[in-house]
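Colleague: Below you'll find the structure I mean.
The values are calculated or read from the model by the stated rules, or taken from the named source; none is laboratory data. What you see is a predicted model; the values in this text were computed from it and never measured. Methodologically, a virtual Cβ is constructed for each residue, glycine included, from the backbone with ideal geometry; neighbour enumeration extends over all protein chains shown. Quick note on the areas: whole protein, heavy atoms, side chains included, nothing else; ligands and nucleic acids left out. Shrake-Rupley method; radii C 1.70, N 1.55, O 1.52, S 1.80 Å.
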2 protein chains.
Amino acid sequence: MAGWTGKLLRVNLTTGKCASEPIPDAWLREYVGGRGLAARYLFEELDPTVDPLSPENKLIFATGPLTGTSVPSSARYMVVTKGALTNAITTSNSGGAWGPELRFAGYDLVLIEGRAPKPSYLFVYDDHAEVRDATRYWGCGVFETEDGLRRETGLPNLRIAGIGPAGENLVRFACIMNDKHRAAGRSGVGAVMGSKNLKAIAVRGTQGIPIADPESFLRAVWQLRRQMNENPSCHAFGELGTAATIDMTQAWGGLPTRNFQQGQFEHYANLNGNSIRDTRMYRNKACFGCTIACGRVTYLGDAWNKFLVNTHPRNWRVAGEGPEYENAWALGADTGVGDLDAVLKANWLCNDLGMDPISMGSTLAAAMELYEKGVLADDQVELPLRFGSGDALVRMVEATAYREGFGHELAEGAKRMGEKFGHPEVFMGVKGQEFPAYDPRGFQGMGVAYATCNRGACHLRAWTPGAETSGVFPPHTTEGKAPWVINEQNRSTAHDNTGICLFVAFAGGPIESLVPCTAAATGVPFTIEDFVKIGERTWNLERLWNLNAGLSRADDNLPKRLLEEPHTSGPSKGVVVRLEPMLNDYYASRGWSSDEGRPSPEKLAELGLANL
Amino acid sequence: MAGWTGKLLRVNLTTGKCASEPIPDAWLREYVGGRGLAARYLFEELDPTVDPLSPENKLIFATGPLTGTSVPSSARYMVVTKGALTNAITTSNSGGAWGPELRFAGYDLVLIEGRAPKPSYLFVYDDHAEVRDATRYWGCGVFETEDGLRRETGLPNLRIAGIGPAGENLVRFACIMNDKHRAAGRSGVGAVMGSKNLKAIAVRGTQGIPIADPESFLRAVWQLRRQMNENPSCHAFGELGTAATIDMTQAWGGLPTRNFQQGQFEHYANLNGNSIRDTRMYRNKACFGCTIACGRVTYLGDAWNKFLVNTHPRNWRVAGEGPEYENAWALGADTGVGDLDAVLKANWLCNDLGMDPISMGSTLAAAMELYEKGVLADDQVELPLRFGSGDALVRMVEATAYREGFGHELAEGAKRMGEKFGHPEVFMGVKGQEFPAYDPRGFQGMGVAYATCNRGACHLRAWTPGAETSGVFPPHTTEGKAPWVINEQNRSTAHDNTGICLFVAFAGGPIESLVPCTAAATGVPFTIEDFVKIGERTWNLERLWNLNAGLSRADDNLPKRLLEEPHTSGPSKGVVVRLEPMLNDYYASRGWSSDEGRPSPEKLAELGLANL
């Protein structure tokens, strides 16, 4: 049996040099792929104290060993860099078809260094890679850029990951978009790409992906497919999309509303999975090889021209994709906007202009709070930033991407904006990154999950609401939550490393099912214990990198509002987050020091990280 | 019978005030409409010495009494102002459906004064008129702006005349475009509009047009329709479009090639009416109420992505309209480009970005001559400006509109560009305006027609090639041409004043047929003699205005190339233009002084202009 090998494409934008190199065998076995491997490279090569927008920062696109294979939902790649929003290590994950295409071209990772002297794109066709002029695409939206690159190259199947105007303009929460509607969304990875003058990475691959033991692999894949098909969640995701979650968070009082000033939103039913499916959806849509198909292809209602106030005609689209649950919340409940058309429109704008809708909505919500409280006056904003204003939502999304008017302030994210206007307390997030759509006063476990996530506030590393609403433990207690979160973080990290979508775990395919797939694909007899250890190793490596970047226990904190201001009504009435006991428990259970949360020498030795 | 009245909409952009006022009855009778009336207003109100791009300049949109009626081809309006390209009075004429819509709204003329404090558009709905914010459209192409305004207002039948990026950027030969593909093309009227921060005039009208004697009117209209239907030229225009003319000018050695360095173009057959119809045309297209339908709706060939070199993706259109004969020549033969796809693409770009393709092509041809002769070096241009380069053609059209790179020089027109680079002799035109597509060495009469046209070089005021190739007089002689040109100028000017397309005269409807239509429409018993006198009056009034602006006999001249350098081959071999004798004859026959060409007091008295 041929040995398992990995290939990295190293691109220096300053010199234009592209070269491939083998990935060290030991790293493959220690980290499996994706996020873990990329963190290992970053640990090896990048000074964690550099300015994230300087040419010294490095930007890694990483697939896993299952990306592009016939394992269901094998579409994922991970973007790892020093985040423009967070100054911490990023782990921004995306689906679509770009990741698989990169593997078809023969690469597992792409590592970008330096800064191009002018707007450029990276063109990869199997083993041919070159940096090309992209001047003509600078200023263009994501959709136009993708169509343009396909036309220019004459390759209709070219797959493109790139940035929109937001990334070019260094919006702190700019995304990297691929396949038009899929996003490596969080932490400002798009701003890092923009700072490198890199508009896009366009990939066409025509090669197969080597599988060490095809028979065992197919058996494992079909076992997983059967499991998923028999699981009702798998079908529910396809039917109602992720936005169905809004009913659950609303019911438990954990749907953050108007910048976390309330825990329930009176118009939640306008934005949920049923409303989207029944009134605004052409069809659902799947990423590469996915049997879930949670994507929504959507259109506007009859009043499609309602939210054109002051927007540029080139952004007047009347069809697009989404929103997912997170976006329906951030652009909807969190800004108090209950009009689904405004949310759809804002969501499409985020996709085309290349911005993270979570941070966008949350930053706008913080600005709305400042406006409603009189901190921002009418002469500072082009239109009133009232909670619930669809006009303000749509226009300010656009203005942020172009840094027009007050959009220039929003483009800095809620933390920097709040500080600038003397009200840091309006920032709702961790490590500079805005919260996603779960109020930890409704789901206590999310408090410690948010506080400890290496990339800043995140719901995808340990999602507690499922366990907290199904009897594993109650939502408002703290007991046992830290160890549960740690185990989830380790498992989801190993899951991420394989290149498979996390939703597989929610749809009948826990990580245990991915272990035999990975073992058969790579020829390495991984066990579930190996996987959890790989996840823990990756998590600790990321933590070490963050500590070296200057982060500490002070950055594992929550805003005062969550710790001291309970909701006054609803199911989570009277609850605040008791973070301190959970955090102490977390550090101890992790084997980290209680002062700064540094992994102990014993822990590092156990994980094989002692010499780093 | 109700008296004939006229209504002018006066808009002051500086104050935003819109008001309607009656047009003096005497002026209506003395000038009938359109171009004549507008010249009368300009003479009355505008200091001819102002900078054309200053707020002091005035910009008039003028229809005629037949515009929008059931007379065939009644689509025309005229734009009269001080030209940004010429410093002379402009008479830029356009079809489509905007002019009729203005009359349906109840107005005959719109007079624009001042400068708006920010990008604005004028909205007219019957007797409601207001200046509105157009910030969102600034930077947008013509097509996007038109679609946007229709969406914004919710009026699908809104008709729009406006400018593209070229007008905003004060390109000296920017057009005013209406109905996306129709142009008030010449002399830089779009730059004047841009200098006023006026992006567009959007009009919706729901009223009828009063006809003094409906029965006589319909009888005259049907007589004209019959005449035209029985005339083969009428059908030939619809079948092959104006580009069929290229075969004739090529045959007579009067097709200016490579900036008038040759009189025949070896690839002419790629660009003619047959090639366009047979290989690139979906269908022909008519303006409002037109029975000729000379417009071409066109597409690109298989190699549609051939000319994307360095162009912005937002300009990658694959369908559009045109080219007309003039554009096929200016963007084709004059630049030496024989590739029809490059010409189509460049023509569409001119339409969407809002530039005159004649001046564009001719200015580029002058730059190509400078490049080929080594005056322009490779480090001054982004790509080689070689005659015949489709890449250079397409990209430089775009670059000119945005004033990018060397496009900034081209945007000044050939005269200013040639002077700047020390070679004024490469400018082929009169009064700063580039020639259209007839080489006066092939058609001698065009020499005096070009030299004496009030708006600078123009083929539409007295078109001699028809008479010179059909036995009226030979092409290379001078005898009798000045009086013929004068008569044509007077007749075509009266024709223009009615609001009817000049092509009607080529398609079986001479001005004699328009006299009874106008008489019946207005209730004034005009005769053909009245009409010729009205034309002569208008012509002399324009001349007076130009003289007051500082123009003189020195401006009624031709470039040295036409006067001294004969072609060395082809049917016009050895011929130069003998302008002097024709010009002397012209001045004498006009009753103008021989020194500066000033109308004599007797002539002014005869025309009723003595007191001006």
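Colleague: Quick check: net charge around residue B:473, other residues with Cβ under 9 Å of its Cβ, Lys/Arg +1 and Asp/Glu -1?
Modeller: With Lys, Arg at +1 and Asp, Glu at -1, the neighbours total -1.
Colleague: Another one. Once you have a ≥ b ≥ c as the square roots of the Cα gyration tensor eigenvalues for segment B:1-156, tell me rounded if a/c is under 1.5, and otherwise prolate or oblate according to whether a/b is larger than b/c.
Modeller: Oblate, because a/c is 1.5 or more while a/b does not exceed b/c.
Colleague: For segment A:257-427, what is the charge dipole size about the Cα centre, in debye to the nearest 20, if Lys and Arg each add +1 at the Cβ and Asp and Glu each add -1 at the Cβ?
Modeller: Roughly 500 debye, rounded to the nearest 20.
Colleague: Could you give, in nm with one decimal, how far residue A:563 is from each other copy of that position, shortest first, with labels 7 Å out from Cα toward Cβ?
Modeller: Counterpart label points of residue A:563 in the remaining copies fall at 8.8 nm.
Colleague: Interface size between chain A and chain B, please: total buried accessible area, 1.4 Å probe, rounded to the nearest 100 Å².
Modeller: 1700 Å²
Colleague: Could you rank the peptides B:160-166, B:12-18 by their average count of other C-beta atoms within 10 Å per residue, with the highest value first?
Modeller: Taking the mean over residues of other Cβ atoms within 10 Å, the ranking is B:160-166, B:12-18.
Colleague: Out of all DSSP beta bridges in segment B:7-204, what portion is antiparallel? Express it as a percent rounded to 5.
Modeller: 75 percent
Colleague: What is the mean number of Cβ atoms from other protein chains located within 10 Å of the Cβ atom of each residue in peptide A:128-137, rounded to a whole number?
Modeller: 2
Colleague: Quote the charge dipole size of segment A:7-204 about the Cα centre in Debye, to the nearest 20; the model charges only the Cβ of Lys and Arg (+1) and of Asp and Glu (-1).
Modeller: 360 debye
Colleague: Follow-up question, since we're still on this one. Quick one: which of A:333-340, A:22-29 comes out on top by average Cβ neighbours within 10 Å, and what's the full order, highest first?
Modeller: Per-residue Cβ counts within 10 Å, averaged per peptide and sorted highest first, yield A:333-340, A:22-29.
Colleague: To the nearest whole number, what is the average tally of beta carbon atoms from other chains within 10 Å of the beta carbons of peptide A:293-302?
Modeller: Shielding by partners across A:293-302 averages 0.
Colleague: Place a +1 charge on the Cβ of each Lys and Arg in the protein assembly as shown and a -1 charge on the Cβ of each Asp and Glu, then give the dipole magnitude about the Cα centre in debye, rounded to the nearest 20.
Modeller: Rounded to the nearest 20 debye, it is 660 debye.
Colleague: In segment A:172-272, which GluC sites (Glu not before Pro) are in a loop and have at most 13 other Cβ atoms within 10 Å, using DSSP for the loop call?
Modeller: Answer by residue number: A:230, A:266.
Colleague: Still on this structure, I have one more. Return the aspartates and glutamates within reach of residue B:17: Cα separation strictly under 17 angstrom, same-chain partners fewer than 8 residues apart disregarded; answer none if there are no such residues.
Modeller: Counting by Cα, and skipping residues close in sequence, residue B:17 has these aspartates and glutamates nearby: B:56, B:113, B:126, B:127, B:130, B:133.
Colleague: Give the total of Lys-Lys pairs in segment B:445-606 with Cα-Cα distances below 23 Å; include a pair only if its members are 8 or more places apart or on different chains.
Modeller: For segment B:445-606, the number of qualifying lysine pairs is 6.
Colleague: Another question about this same structure. Just counting partner chain Cβ atoms within 10 Å, what average do the residues of peptide B:309-320 show around their Cβ?
Modeller: Mean number of neighbouring Cβ atoms from other chains: 4.
Colleague: How many nanometers, to one decimal and shortest first, lie between the label point of residue A:472 and those of its other copies, if labels sit 7 Å from Cα toward Cβ?
Modeller: Going from nearest to farthest copy, the values are 9.3 nm.
Colleague: Ignoring ligands and nucleic acids, what accessible area does residue B:492 show with a 1.4 Å probe (Å², nearest 10)?
Modeller: 10 Å²
Colleague: A further question on this structure: Span-like helices, chain B: DSSP H, alpha-carbon axial extent 18 Å or more, mean Kyte-Doolittle -1.0 or greater, which ones?
Modeller: Span-like helices here: B:214-229, B:340-353, B:357-372, B:390-402, B:528-549.
Colleague: Go ahead and estimate [θ] at 222 nm for chain A from helices alone: -39,500 (n - 2.57) per DSSP H run with n ≥ 4, summed, over the residue count, rounded to 500.
Modeller: Computed mean residue ellipticity for chain A: -11500 deg cm²/dmol.
Colleague: Sort A:494-506, B:198-210, B:80-92 by the packing proxy (mean of other Cβ within 10 Å over each peptide's residues), most packed first.
Modeller: Listed from highest to lowest mean packing, they are B:80-92, A:494-506, B:198-210.
Colleague: Taking the label point 7 Å from Cα in the Cβ direction, how far apart in nm is residue A:574 from each other copy of itself, listed shortest first?
Modeller: Taking the point 7 Å beyond Cα along Cα→Cβ, the inter-copy spacings are 11.3 nm.
Colleague: What residue of chain A has the nearest C-beta to the axis that moves A onto B, and what is that distance in Å, given as a whole number?
Modeller: A:314, 4
Colleague: Further, regarding this structure: Compare the Cα positions of B:86, B:48, B:104 along the charge dipole of segment B:1-106 (+1 at Cβ of Lys, Arg; -1 at Cβ of Asp, Glu; about the Cα centre) and return the one farthest towards the positive end.
Modeller: Going by the charge dipole, the pick is B:104.
Colleague: Identify the trypsin sites (Lys or Arg not before Pro) of segment B:371-458 meeting these criteria: DSSP loop state and at most 15 other C-beta atoms within 10 Å of the C-beta.
Modeller: B:373, B:386
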